[in-house]
Amino acid sequence: EQRLETLAKPAAAAPIAKPKGWRFIHPWSMPIMASLLLLLWVGIGLGPTYFADYRTLTGEQRTLQLSDGSILVLNTASAVSLDFTAARRTVILHEGEVYFKVAKDADRPFEVHTENGWVRALGTAFDVKQQGETMTVTVYEHAVRVGFSQGKTIERLQESERIVSHEGRSAPIETVNLKEAQAWRGHRL
């Protein structure tokens, strides 16, 4: 009888050894980490254009009137951010092409900043195009001052003149036909 009783009792189970390391892994941690990596990858791919104040899609153009009275015309696939303060008016052109018709304000200079340089309005209408490592500035009225990321500055780029810089190095100033240069604003190639 005693023998039967010992057989009927289940043997004590040996404790299961937990694997060392990776103890912090929760079943949901891998999908969460994958999602975070995807967001990071998408965020880097979209860059600052995704968070720009104003942008246009491919094939879209948009006209904006700013609080100071200046007018911006964004060409297709363009993105800009605004930084207006009591002391200055700054537009950051992330990519694309924008025509600027600047309202006069002697107390607050108007500047456009790109990856390859900057443009300061001298009471004027002008166009800035940022495409990859190339910045192009075309002046339609009056003049602008242009600075390049490599340090060179052009004090006055006059009406009907264009300057192109690649990787912060400028090419010679060229004269342009303004009617052809502004064709994109009339939806013409």
May I ask for the net charge around Arg55, where only other residues with Cβ less than 14 Å from the Cβ of Arg55 are counted and Lys, Arg are +1 while Asp, Glu are -1? -3
With 5 Å bins from 0: P(r) over segment 58-116, alpha-carbon pairs, percent: 4, 17, 31, 25, 14, 6, 2, 0
Sorting check: for 142-150, 180-188, which peptide has the highest mean count of neighbouring beta carbons within 10 Å, and how do the rest follow? 142-150, 180-188
For a quick check of understanding: with a 1.4 angstrom probe and all protein chains in place, what accessible area in square angstrom does Arg120 have, to the nearest ten? 70 Å²
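The values are calculated or read from the model by the stated rules, or taken from the named source; none is laboratory data. These figures come from a predicted structure and were not determined experimentally. Quick reminder, even Gly has a Cβ in these numbers, built from the backbone with ideal geometry, and neighbours come from all protein chains shown. Ligands, DNA and RNA are excluded from the accessible area calculation, which covers all protein heavy atoms including side chains. Shrake-Rupley method; radii C 1.70, N 1.55, O 1.52, S 1.80 Å.
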